[in-house]
Amino acid sequence: MLKGIDPLLNADVLYALRAMGHGDDLIISDTNFPADSVARETVLGEVLRIDRPAAEVVRAVLSLYPIDTFVDDAAARMEVVDEPDTLLPVMDEVQAEVTAAGGPTLMGIERFSFYDRAKQAYAVIQTGERRFYGCFALRKGVIPPDEG
């Protein structure tokens, strides 16, 4: 255990978050997402796991991870097939965590376009989220220098 770091963030996840740079994408997926096969195509090359609901994982990640403020697609969700404007409870819960961290409204991405974005990501964290469409992309921002 470390002081000030959410205990959900295991050593592998902490390594990936620290190694990522500005503009790198992090995918946080539900249990149904093809996380292992997609993760093999990412920079990290292997799937990470946190067996908790998506909103809890997002909260833990955003306690350390800045969201990019230079692009419009810094926070995204997988759209419901044939219902792009539908917002499911899991999406609302994750949006609340993104908002609490000062992030933007989640933009929708069509399912197969989301898969394509995920394959270009730095890393994939598969959660224990069993509700459908609990898949999100968060683009890493920057931490400004200390004032002084």
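Rule-based calculations on the coordinates, nothing more; no lab input. This structure is a prediction, so every number in the text was calculated from the model and none was measured. Glycine also receives a Cβ, built like all others from the backbone with ideal geometry; neighbour counts cover every protein chain displayed.
Here are some notes:
- Over segment 20-139, the reciprocal of the mean inverse Cα-Cα separation, the Kirkwood hydrodynamic radius, stands at 13.8 Å.
- Cα gyration tensor shape for segment 80-148, rounded if a/c is under 1.5, else prolate or oblate: prolate
- Karplus-derived HN-Hα couplings along segment 15-26 (A = 6.51, B = -1.76, C = 1.60, θ = phi - 60°), whole Hz, x at Gly and Pro: 4, 5, 4, 6, 6, 5, x, 4, x, 6, 9, 10
- Sequence-separation-based contact order of the chain, relative, with Cα cut under 8 Å and 6+ spacing, percent: 45
- Cα-centre dipole for the chain with unit charges at Cβ (Lys and Arg positive, Asp and Glu negative), debye to 20: 440
- Charge dipole (the chain, unit charges on Cβ, about Cα centre) - positive-most of 48, 120, 86: 48
- Two-site FRET efficiency, residue 147 against residue 2, from Cβ-Cβ distance with R₀ of 30 Å, rounded to 0.05: 0.70
- Residue order, fewest to most beta carbons within 10 Å, for 106, 87: 87, 106
- Peptides ranked, highest mean first, by Cβ atoms within 10 Å: ranges 131-141, 3-13, 28-38, 109-119: 131-141, 28-38, 109-119, 3-13
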